[in-house]
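A.B. asks: This is the structure, below, for whatever I ask next.
The values are calculated or read from the model by the stated rules, or taken from the named source; none is laboratory data. Just so you know, these numbers come straight off a predicted model, no measurement behind them. Positions of Cβ are backbone-derived with ideal geometry, glycine not excepted, and every protein chain shown enters the neighbour counts.
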Amino acid sequence: MILHLYNTLTRDISPFKPITPGKVGIYLCGATVQAPPHIGHIRSGINFDILRRWLITSGYEVTFIRNVTDIDDKILHNAIHEEMPWWALAQKYERVFTAAYAELNLLPPTYEPRATGHITQMIELISLLVERGKAYPVANGDVYLDVRALDSYLTLSGQKLDDLQSSADGEESIKKNPQDFALWKSAKPGEPSWPTPWGDGRPGWHIECSAMAQAYLGEKFDIHAGGLDLIFPHHENEIAQSNGAGYPFAQRWLHNAWVTTSGEKMSKSLGNTLRIYELLKRVRGIELRWYLGSAHYRSMLEYSPEALDESAVNFRRVESFLKRAANQLGKIPSSHIAEEFAHAMNDDLAVPAALAVISELVKEGNSALAAKDSKNLEVKSAQVRGALAVLGCDPWDDTWAKSDAALEEVVSGLVKSLLEEREVARARKDFESADRIRDRITELGLTLEDTPDGPRWSR
RNA sequence: GGUGGGAUGGCCGAGAGGCGAGGCUCAGGACUGCACAUCCUGCUACACGGGUUCAAAUCCCGUUCCCACCUCCA
């Protein structure tokens, strides 16, 4: 089975065929850097990081663009609130996002363009739209896209132009149609601006993605991804801008669903944001990533602390299997992709089904471990590790492994001497002393188990 | 009003006409000095009412409830 993916445009699952064989271009709408990330932002990043890793594992050469929108209304607003220049605020939060992405082992994008670095491309695109009669400047210096001049509009969200609730924005008088949206906004006092043929101003919300996608992926590319809420208006308007300029634009659209709490979407206005760094106090990064990646990307993920804890327990079972396998094999297992796992991933990235495959492999692997069947153990552990790598949760990945290797060695030595003492006690059937030593070790947060090969400890 | 997505066992969470996904919890068993870990067994669910079918969680009709989008949004 070859990779099948959903397409919001056609609302069905179909075989994925890249424009250029062996190569894939993906544009993911990244952050508007106006505030720290919450787990919803990161879930989106993780979902499409898994897509990217799976494509790479499948042999594709992937160009992955994730933009940074570093100029927009909210950034200007928050900059006043936080009493700093808008560009300082944008950079501050861009760094927080970058750190969070790195902490959760997202591969860095091939290129990560900023909106403010592509004003030239935006102006070129807007000029072309005006030339082609798809956009019009107005007296105050704004430039609007004329949605009724397009060959088609709202193909992605499946709505009808006349059914849209038109916003009461008071500016309607200067627009041809209430649904026309701003490509360019004229300069206001105290706000940043760039010179254009229509006067000084700054970009509208959607134009940056049309301009940057084209700059890095060309006029036609394979996949455009982002959150569900971007379907309308953001992606709809990107299509409008790029098609209006005569470019085919994205061939396939993928949208990830929400992280919700108590059945509701995480949103700033509701004030129930869950910040990454709060959750990292509760579980390790690799466990948070496992959790956020565990639901199907098009399904809502209902957040609760209990669900997060349960998921972490589930991950530790897999992880501890791999660690014990490495111990018995005397080396870290290599990575290999199991056929059933590939089948699940090829079915529109069916991660939940893939997790079921991992569970089975772990079960079989554990049995091989008990039976000292090294050959089988090697196969199963390689397949488990290969699966985890695709999910970005390989325990030996540098992101997670770097932490405290040096300290680990010291602790290991100390625990070892304690265990030797305990073995002496056990040998003379002094279980009271043996249990006392075990309790001490357990109290320190380590897990201890006696195996036929002697005691083993782990964190 | 328009558009889209949901409701699955104690809990989480897949599936989309027949063959009990998987995990967590709990109970029992094997192993163990005990415990942990591991393995085995058990806990037969699909919002409600009709219909189609040899067969429905899955298809059709209707109903209830929930959520999202309709120019701030991952």
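Residues checked against (1) modelled with pLDDT of 95 or more; (2) under 30 Å from A:T63 (Cβ atoms); (3) more than 32 Å from the chain's Cα centre (by Cα); (4) surrounded by 18 or more Cβ atoms within 10 Å (Cβ to Cβ):
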{"position": "A:E124", "(1), (2), (3), (4)": "yes, yes, no, no"}
{"position": "A:N140", "(1), (2), (3), (4)": "no, no, yes, no"}
{"position": "A:K176", "(1), (2), (3), (4)": "no, no, yes, no"}
{"position": "A:L183", "(1), (2), (3), (4)": "yes, yes, no, yes"}
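A.B. asks: I would also like to ask the following. So is A:S335 under 26 Å from A:I2 (Cα atoms) and either within 18 Å of the chain's Cα centre (by Cα) or assigned by TED's automatic domain parsing to the domain that holds A:G454 (or both) or not?
C.D. replies: On the way: under 26 Å from A:I2 (Cα atoms): yes; either within 18 Å of the chain's Cα centre (by Cα) or assigned by TED's automatic domain parsing to the domain that holds A:G454 (or both): no.
When the stated conditions are applied, A:S335 does not pass them.
A.B. asks: Next question, about the same structure. Please go through the stretch A:341-352 and pick out each residue that is crowded, with 17+ Cβ neighbours inside 10 Å and assigned to a helix (DSSP H, G or I).
C.D. replies: Quick first cut of the stretch A:341-352, residues crowded, with 17+ Cβ neighbours inside 10 Å only: A:341-342, A:344-346, A:348-351.
Of everything in the stretch A:341-352, those that are crowded, with 17+ Cβ neighbours inside 10 Å and assigned to a helix (DSSP H, G or I) turn out to be A:F341, A:A342, A:A344, A:M345, A:N346, A:V351.
A.B. asks: Shifting gears a bit: Just a yes or no: is a residue in the stretch A:349-356 touching a residue at least 60 places away in the same chain (Cβ under 8 Å) and in contact with a strand residue (DSSP E or B) (Cβ under 8 Å, 6 or more places away or on another chain)? I'd like the intermediate steps shown before the answer.
C.D. replies: Step one: list which residues in the stretch A:349-356 are touching a residue at least 60 places away in the same chain (Cβ under 8 Å), which gives A:349, A:351, A:355.
Still in the list and also in contact with a strand residue (DSSP E or B) (Cβ under 8 Å, 6 or more places away or on another chain): A:349.
Checked the stretch A:349-356: at least one residue is touching a residue at least 60 places away in the same chain (Cβ under 8 Å) and in contact with a strand residue (DSSP E or B) (Cβ under 8 Å, 6 or more places away or on another chain).
A.B. asks: Something else now. In the stretch A:241-264, what residues are within 13 Å of RNA strand B (Cβ to nearest atom) and in contact with a Lys or Arg (Cβ under 8 Å, 6 or more places away or on another chain)? Please lay out each step first, then the result.
C.D. replies: As a first pass, look at the stretch A:241-264 and keep what is within 13 Å of RNA strand B (Cβ to nearest atom): A:241, A:253-264.
Those that are within 13 Å of RNA strand B (Cβ to nearest atom) and in contact with a Lys or Arg (Cβ under 8 Å, 6 or more places away or on another chain): A:H255, A:N256, A:A257, A:W258, A:V259.
A.B. asks: Please enumerate the residues belonging to the stretch A:309-337 that are within 30 Å of A:S14 (Cβ to Cβ) and either within 14 Å of RNA strand B (Cβ to nearest atom) or not aliphatic (A, V, I, L, M) (or both). Spell out how you get there, then give the answer.
C.D. replies: As a first pass, look at the stretch A:309-337 and keep what is within 30 Å of A:S14 (Cβ to Cβ): A:335-337.
Within the stretch A:309-337, A:S335, A:H336 meet the criteria.
A.B. asks: If you take just the strands (runs of 3 or more DSSP E) that sit entirely in the stretch A:1-93, which of them hold at least 1 residues that are outside the structural domain of A:V390 (by TED's automatic domain parsing) and free of Cβ contacts under 8 Å to residues at least 24 places away in the same chain? Please lay out each step first, then the result.
C.D. replies: Working: elements: A:4-7, A:12-15, A:23-28, A:61-66.
Those strands (runs of 3 or more DSSP E) span A:12-15.
A.B. asks: Residue check: is A:E378 touching a helix residue (DSSP H, G or I) at 6+ places or on another chain (Cβ under 9 Å), part of a helix (DSSP H, G or I) and within 11 Å of RNA strand B (Cβ to nearest atom)? Quick ask: steps written out before the conclusion?
C.D. replies: Numbers: touching a helix residue (DSSP H, G or I) at 6+ places or on another chain (Cβ under 9 Å): yes; part of a helix (DSSP H, G or I): yes; within 11 Å of RNA strand B (Cβ to nearest atom): no.
Spelling it out, it is not the case that A:E378 is touching a helix residue (DSSP H, G or I) at 6+ places or on another chain (Cβ under 9 Å), part of a helix (DSSP H, G or I) and within 11 Å of RNA strand B (Cβ to nearest atom).
A.B. asks: Please specify each residue of the stretch A:285-322 satisfying the condition of being touching a residue at least 60 places away in the same chain (Cβ under 8 Å), of a type outside the set (A, V, I, L, M) and surrounded by 17 or more Cβ atoms within 10 Å (Cβ to Cβ).
C.D. replies: Listed by number, the residues that qualify are A:G285, A:R289, A:W290, A:G293, A:S294, A:Y297, A:Y303, A:F315, A:E319, A:S320, A:F321.
A.B. asks: Mind listing whichever residues of the stretch A:217-254 are acidic (D, E) and part of a helix (DSSP H, G or I)? Break it down stepwise before answering.
C.D. replies: Of the residues in the stretch A:217-254, the ones acidic (D, E) are A:219, A:222, A:229, A:236, A:238.
Selection gives A:D229, A:E236, A:E238.
A.B. asks: Then there is this: Answer yes or no: is there a residue in the stretch A:47-61 that is among the hydroxyl-bearing types (S, T, Y) and at pLDDT below 95.
C.D. replies: No: the stretch A:47-61 contains no residue that is among the hydroxyl-bearing types (S, T, Y) and at pLDDT below 95.
A.B. asks: Determine which member of the set A:K74, A:K17, A:K23 is basic (K, R) and within 20 Å of A:W205 (Cα to Cα). Show your work before the answer.
C.D. replies: Numbers: A:K17 fails: within 20 Å of A:W205 (Cα to Cα); A:K23 fails: within 20 Å of A:W205 (Cα to Cα).
Among A:K74, A:K17, A:K23, only A:K74 is basic (K, R) and within 20 Å of A:W205 (Cα to Cα).
A.B. asks: Taking into account only those residues within the stretch A:21-39 that are farther than 30 Å from A:I75 by Cα and surrounded by 12 or more Cβ atoms within 10 Å (Cβ to Cβ), which is nearest to RNA strand B (Cβ to nearest atom)? Break it down stepwise before answering.
C.D. replies: Taking the stretch A:21-39 first, the residues farther than 30 Å from A:I75 by Cα are A:21-24.
Restricting the remaining residues to those that are surrounded by 12 or more Cβ atoms within 10 Å (Cβ to Cβ) gives A:23-24.
Working: A:K23: 25, A:V24: 20 Å.
Across the stretch A:21-39, the extreme among qualifying residues is A:V24.
A.B. asks: Would you list the helices (runs of 4 or more DSSP H) that sit entirely within the stretch A:269-330 and hold 1 or more residues that are over 24 Å from A:A354 (Cβ atoms) and of a type in the set (F, W, Y)?
C.D. replies: Details: elements: A:276-279, A:285-294, A:305-329.
Fully inside the stretch A:269-330 and qualifying: A:276-279.
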